[in-house]
Amino acid sequence: MKRFFAILLLVLPTAGCASMGFSGGQSDGRMALWARAQNALAAEEFLVAEGIFEEVIASYPSTLEARESLFYLGSLRLDPRNPDWDPIPAEARLAEYISLMERGAEIFRYPEARTLHELARQLNMPPESRVAGLAPEERVVTVEERLVVPGTQTRELSTQVAELQRQLEERDARIQQQQEELDRIRRTLTAPGTVQ
């Protein structure tokens, strides 16, 4: 009996590793593919990651990695950094993933999938039907009005401004000269010994 339990203790962890993809043979290719998909996702190579996750599902359809690939296919379509961001396929993939749980399949991201699925579903609704936090709100943005002047007019205006500055400087110089002349005349008229 002790020998039976010892064998059972050795066999059960090995069987668990096989179901998680840690045994040899076909699982080596599956795990390599899974690792490539995860690395592409981590590097934000969304299109590459999506293709590899699809390949995992097609090549190893009844495995844990294939089931979890459904989750990743849904979540990467909700990632705002993804240029192909789209809540429609995200909702479909996440619904497919959630349905696995209802069929009794082993999945590990059920709570996250439900949250992301609801987010995708809300984003696919008309804006006025969404929950308050996801409904677009009207904002008033004041934009300072700017005068846009074409380049040729800008050069002409620069020339005109320079000419006006020159004229102002000349006028100021003339006023200064006239002020000095007026001061000299006053001094002459009020000099001692002058008769008024």
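Bear in mind that the values in this text are calculations on the coordinates, not laboratory data. These numbers come from a predicted model, not from an experiment. Note: ideal-geometry Cβ built from the backbone for every residue, glycine included; neighbour counts use all protein chains shown.
Brief remarks follow.
- Here Trp85 passes the criteria (1) without any contact (Cβ under 8 Å) to a residue 12 or more places away in the chain; (2) among the aromatic types (Phe, Trp, Tyr); (3) in a helix (DSSP H, G or I) except the one numbered (3).
- From the options Ala90, Ala58, residue that is in a helix (DSSP H, G or I), touching a Lys or Arg at 6+ places or on another chain (Cβ under 7 Å) and not acidic (Asp, Glu): Ala90
- Residue that is nearest to the chain's Cα centre (by Cα), among those in the stretch 76-110 that are crowded, with 22+ Cβ neighbours inside 10 Å and of a type outside the set (A, V, I, L, M, F, W, C): Arg77
- Within the stretch 61-75, the set of residues being buried (at least 17 other Cβ atoms within 10 Å of the Cβ) and not in a helix (DSSP H, G or I) comprises Thr63 only.
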